[in-house]
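Student: I'd like to ask some things about the structure below.
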Amino acid sequence: MAQNGPLKNSLINVARGFADVTIGIDVISQAGKPASYLKKHSAGVTSNTVNSTPGLSGEVSSALQSLPIIQQSLQDIQHRLNGLEELRSELQSVKESLREDLWGTDSLKQKIEYVAQQAEDTVQNVETIHKENKNLRREVDLLKAIVIKLDRKVSEQDREITDLKSRSMRDNILIHRFKESSNENLMLDIPSAIKKVYGVDLKFVRIHRIGPPRRGPVPRTIVGKLEHYDKKEEILQIQRDFRRSSKETPFHVSEQFPAALVEERKHLFELQRKYTSQNVETRVRGNKLVFKNNGNVFREKVLVPRAEDVLLCDEDELDKLQEIPVVTSEVGSRFVASGTPVKTYGEVRNFYKMLCSLPRHAQAHHRILVYRFRDKDGKVIDR
């Protein structure tokens, strides 16, 4: 026994060393283990180490080598837990912010209610505007009908006035280029001059020059009302004979017409010269151009658009008219010229209608239509 005393003490010390190491391992890797477990586990290792020293030494060595890895894993877990805590705090802040946005003083709910109220007001306004627009359309349609009626009435009155003026001028003649003097007596001078040049005796009811005195080489035109209409026809026929024979006279005589009819006759005389160049005989009678070979009356291909032609256009026709390209040139402040390429009479009529639908052109006091194009047969059509 004495001999075994030192050996026993050594074994006890080794066992204690193993117990200390085992306890150290458990302390490092406790991670939530209870203290009773540590003590029990340490005691068990201590008692067993005496009997199995070689195997226990290997396990302890392996555990010691795994300690840094375990420690690093625990630190990573701790960091992740800390991150989750921060995320929880952020989520809580977002939750509070959303609660404030939804239910706070200036919340999304109030904004949605405000937008809904605005939308309801907008719907009511649209309905009101729709009703007003409907009433305005009705009024515009009524005004269009009134304008069309007035335009027809004015056109009819213009024709009646022109006819009355023509009848009042039935016995009148105009004397052009008769020399003007300060002490002239037209009631005596004109019948004497006409007798000398035309060989016709005539008497005037009234005779005077047109307009106030003016300076210049061209004398004012004289208008005279004859006592007998047949004398007018006689002197005008002589004047036509002089024109055909190219006989020069110191003055010449013509009929008097209303201003509106004078403009129409100017255009008719232009057409007459055009047909004469084509060996087609015509004659101007009042406001008509008559073909002598068959008695037909010339008809304009493009008429001035009436108010109803412009106001009663449907949307499709208006869209087509608006697509017509227009080139406009202003001359001063009183004259505006507009043009577009055309190939047919229909295109000319549409362009003319489109211009008359524009306020600036519709209020024009006077219009001049000029066009020139080649038809499908290559013939030049102009006006």
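The values are calculated or read from the model by the stated rules, or taken from the named source; none is laboratory data. All values derive from a computational prediction rather than experimental measurement. Note that each Cβ is placed from the backbone with ideal geometry, even for glycine, and that neighbours are counted across all protein chains shown. Surface areas here come from the heavy atoms of the whole protein model, side chains and all, with no ligands, DNA or RNA. Shrake-Rupley method; radii C 1.70, N 1.55, O 1.52, S 1.80 Å.
Student: Suppose R0 equals 41 Å. What FRET efficiency, 1/(1 + (r/R0)^6) with r the Cβ-Cβ distance, do residue 138 and residue 347 give to the nearest 0.05?
Tutor: Between residue 138 and residue 347 the formula returns 0.75.
Student: Whole-Hz Karplus ³J(HN,Hα) for the stretch 308-315, in order, using 6.51 cos²θ - 1.76 cosθ + 1.60 and θ = phi - 60°, x for Gly and Pro?
Tutor: 5, 5, 8, 6, 9, 5, 7, 5
Student: What is the spin-label model distance, in nm, from residue 119 to residue 159 if the labels are put 7 Å beyond Cα along the C-beta direction?
Tutor: So the two model labels end up 6.1 nm from each other.
Student: Please compute the modelled spin-label separation between residue 229 and residue 182, points set 7 Å along Cα→Cβ, answer in nm with one decimal.
Tutor: It works out to 4.2 nm between the two label points.
Student: Another question, if that's okay. Can you tell me the FRET efficiency between residue 77 and residue 99 if r is taken as the Cβ-Cβ distance and R0 is 30 Å, rounded to the nearest 0.05?
Tutor: For residue 77 and residue 99, the calculated efficiency is 0.40.
Student: May I ask which of 165/353; 153/266; 301/343; 149/353; 266/288; 288/379 have a Cα-Cα span longer than 21 Å here?
Tutor: 165/353; 153/266; 288/379
Student: Let me ask something additional. Quick one: what are the phi-derived ³J(HN,Hα) couplings along the stretch 319-329, Karplus 6.51/-1.76/1.60 with θ = phi - 60°, whole Hz, x for glycine and proline?
Tutor: Per residue, the Karplus-derived 3J(HN,Hα) values read 4, 5, 5, 5, 7, 5, x, 10, 10, 10, 9 Hz.
Student: Send over a whole-number figure in Å² for the accessible area per residue of the stretch 118-240, probe 1.4 Å.
Tutor: 73
Student: Which net charge results when you count Lys and Arg as +1 and Asp and Glu as -1 among the other residues whose beta-carbon is under 9 Å from that of residue 252?
Tutor: +2
Student: Report the label-to-label distance for residue 274 and residue 129 in nanometres (one decimal), using points 7 Å from each Cα along the Cα→Cβ vector.
Tutor: It works out to 5.1 nm between the two label points.
Student: To continue, here is another question. Given R₀ = 30 Å, FRET efficiency for residue 327-residue 254 by Cβ-Cβ distance, to 0.05?
Tutor: The calculated FRET efficiency here is 0.20.
Student: Something else: Name the long-range amide H neighbours of residue 200: under 5 Å, sequence gap of 5 or more, or other chain; modelled H, no Pro or chain starts.
Tutor: When sequence neighbours closer than 5 places are left aside, the close amide H contacts are 195.
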